[in-house]
Structure formats: structure tokens, C-alpha cells
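The values are calculated or read from the model by the stated rules, or taken from the named source; none is laboratory data. In this text, all values refer to a predicted model and were calculated from it rather than measured experimentally. Every residue, glycine among them, receives a Cβ derived from its backbone with ideal geometry; neighbour counts consider all protein chains shown.
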Amino acid sequence: MESESEMNNKENSQINLINENNRMFGFLKKAFFPKTIIFSSLNNYLKTIENKKCFLICSKSFLDNNPDCTTNLEVVDKYILSGEPSINTLKECVDKINQITEELFIIGIGGGSVVDLAKAVKKECNKQLIVIPTTPATGSEVTPFSVFVDQEEEKKEEERERENKKTIINSQKLLPDVVILDPSYQKTIPKELHGYMVGDILAHSIEAFLSKFSNPLSDVLALQSIKLIDHTLSIDDYNKNIDKFWEKIQIAGLLAGQAQGMAATGLVHSFAHQFGAKYKIPHSKAVTIFLKDVIKLNLDNYDVNEKMSNLGYLKPEDLISVIEKHQRLFNLQNDKMRIKVNNDFNMEECINKIKRDVCSATNPFRANDEQIKEIIEKHIEN
């Protein structure tokens, strides 16, 4: 029987079949998935494992609202995240874990920022990871990406804001070992914020479907997510049974996250990246503001009829219909869809930044300056 050291040496000597350092590999259409997805409460899952020693990553607000979340865990140490994670944050977490001699796993409970940090720590420390997403929109729990703000401590805050630099880590090694979908953690989220999150899910699924990088698997996942949201909105489960509503929306978010993890997003996210960072608008709200107009622009300039008819799901106009239905249910109209900009707002600069955004590269067609300007003008005011 092989010893543990012999098994480790054998594993290390295996041929690398997933060469993420190869430039061509990055352009291949592919799919990565977490090892296990559990549709249950965290506490029920914890009853099934023996070693409960863990390193906890979460936010202070989550701990304040859920003081009993660690009752069935043996928390050896923890990191409380405030705001967006930075590269320095990642280093701090890694240093903490490397000082621990006990065998443990990492558990990340929170929104996209917490999950992104937990995934990157897992990759750096080579530890097993359990994540419990507490918001349905990011899809981070099933994507091979983590986003970090690239903060340089010696720079003044206003200089960092001007640059708005972010670092994206892309690796299949980021994917969690276990994802637990427990919708009970979403109960404290206000309805309007819920609405923006559903808008972000729709953006992930629709943009992944229209993406230049889409593939047959991402198409099926994206359209199933759209269908699930459309059906859920149609029966107005939000007011009848909020728990059931968010159980369905959480699954739709996971499907959309898997789709965008394979196929990427598009121009909606390019708009959101520009206005969200500059005017401190939450990402899901910035996405929702531009969603309908950008998707309509794409459908007017990209023939998706054959693709949709072959799959036998929805018609192109149904994509706009579900967006409108979503905005009516959550009352996301009029002033909620406008952004107050500074007097020194530079339209030309804004258009150029949107066009240069990485997400614009996978949009189904290249929008021109006038098309981008027309959408911006619909949603800004001084």
C-alpha cells in the first residue's frame, strides 16, 4: 500500500492536462464546475462531516445578523472582510492560515466579495473550500474568477478612485469543493436590493447566451436560468411565498453564474463597470439600469433567431419581456434607473472606457459611439 508521501509525489508527477499558463488555453471554449453542490441548510450539511475545524471568512454584517451561524463549526481562526477584497487582504488571509498547524478547511459565507476572497485563499493555500453564498446574483460560487481591488496604500484615496484598477484571478483551482445553497440567509435583504440582484442574474444569463464565447452547454444553462426567472416572476411568488421565491431565484443565479463563467458577459457589464465604480453605485444596480437598453441594442444588431429556434426555448422578444416583467414587479423604473453625474462628466472619455472594457470584447457586436452615447443619455442627469 502506498504511503501518503508516495501518493503526493505521484500526484505531483502527473502530466498537467489543464495548462492555464498557455495563452491558447485561455481562448478555448470550456466549462469548469465545483465538485459538489448541496441544496440544503448549512447546519444539516455539517451534521454529515466529522472534522469541523475551519478558517472562517465572512463579513461583519453577516456575523451581526447571523450570530449562530458558527454553532456547529470549530472556528480555529477567522477573517472579517470589510468592503471589497484587495491583494493585501488576500496576503493577510494566507499568512493567517499558514501559521495554523491543524488540519482544517476554509468556509466562506457571504456575498460575492467574500466568496471571491475565499476562493483565492483556497487556491493559494491548497485547502478544501466550502462556500455558502448569501446573495443570489454574483454567481461567484460557480465561476473560475475572483476580483480584487488593486490598492496601493501609499496613494491617496482620490488617486485610487480615478484609476479604479481591479485585478482578476482566473483559474479552475479557484472553484469550491462544496457549494451550499441555503436561501434562508437572503431573508434580511430589502426588496429593492433583491430586484437589482435579479437584474444582475438576468444580465449574466442573457449576456452569456448572446456572447461570442457561448457554447452549447452555456446556452442551455443560460436559457434555463431565464425560463426559471420568467416563470417565477409570472406567478408573483415574491408576495405569496418569499422563501420559495428566493429558492428558485438562487438556483437561477447559480445557473446564470455557470453560464457566464463559461461564456463571459458583454456590453451591459461594460456600462456597469464604468458608472458603478465612478459613482459608487452597487454593481447589481448599475447592471440593472443599463440592462434593457443594451440587450435591445444587441438584439437589433445581432440575429439570434436561428440559435433560439434550434434550442426551442424562447423567442428573442421574450428576453425583453422578462426584463420588463422583472422591473415592474420590483418597481425599478423612472428615477431609479437614472444616474446623477458630475458637472465635469466627459461623454467622449466615458464612451472610450466602455468600448475598451474587457466585457465589450465578448459582446455579440461592436457598438459604435453614437449607439453607446444614446444609451448613456437616457440614464444620466446633472
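What to note about this one:
- So Ser205, is it in contact (Cβ under 8 Å) with a residue 12 or more places away in the chain, within 19 Å of the chain's Cα centre (by Cα), buried (at least 21 other Cβ atoms within 10 Å of the Cβ) and not in a helix (DSSP H, G or I): no
- Some residue of segment 230-249 being touching a Lys or Arg at 6+ places or on another chain (Cβ under 8 Å), modelled with pLDDT of 90 or more, part of a helix (DSSP H, G or I) and closer than 13 Å to Ile206 by Cβ: yes
- Number of the exception - Tyr196 against (1) among the aromatic types (Phe, Trp, Tyr); (2) within 16 Å of the chain's Cα centre (by Cα); (3) surrounded by fewer than 19 Cβ atoms within 10 Å (Cβ to Cβ): (3)
- The set of residues in segment 61-79 that are assigned to a strand (DSSP E or B), among the β-branched types (Val, Ile, Thr) and over 18 Å from Val115 (Cα atoms) contains only Val76.
- Considering residues of segment 214-225 that are hydroxyl-bearing (Ser, Thr, Tyr) and not in a loop (DSSP other than H, G, I, E, B) only, the residue surrounded by the fewest Cβ atoms within 10 Å (Cβ to Cβ): Ser218
- Residue count for segment 1-60, restricted to those that are modelled with pLDDT of 70 or more and closer than 22 Å to Gly112 by Cβ: 19
- Of all the residues in segment 271-283, those that are under 15 Å from the mean Cα position of the chain (by Cα) and surrounded by 24 or more Cβ atoms within 10 Å (Cβ to Cβ) number 1.
- Unmet requirement for Ser211, which otherwise passes all of (1) modelled with pLDDT of 85 or more; (2) surrounded by fewer than 19 Cβ atoms within 10 Å (Cβ to Cβ); (3) over 25 Å from Thr36 (Cα atoms): (2)
- Restricting segment 169-189 to residues that are part of a loop (DSSP other than H, G, I, E, B) and in contact (Cβ under 8 Å) with a residue 60 or more places away in the chain, the residue that is farthest from the chain's Cα centre (by Cα) is Thr188.
- Residues of segment 240-299 that are on the phi > 0 side of the Ramachandran plot and either among the small types (Gly, Ala, Ser) or not assigned by TED's automatic domain parsing to the domain that holds Ala222 (or both): Ala264 alone.
- Ile339 fulfils the conditions (1) farther than 28 Å from Lys307 by Cα; (2) β-branched (Val, Ile, Thr); (3) at pLDDT 95 or above except for a single criterion, (3).
- Segment 293-344, subset in contact with a strand residue (DSSP E or B) (Cβ under 7 Å, 6 or more places away or on another chain) and part of a loop (DSSP other than H, G, I, E, B), residue surrounded by the most Cβ atoms within 10 Å (Cβ to Cβ): Val341
- When Lys78 is tested against (1) touching a Gly at 6+ places or on another chain (Cβ under 9 Å); (2) modelled with pLDDT under 95, only condition (1) is not met.
- Restricting segment 80-128 to residues that are in contact (Cβ under 8 Å) with a residue 40 or more places away in the chain and in a strand (DSSP E or B), the residue that is farthest from Ile189 (Cα to Cα) is Phe105.
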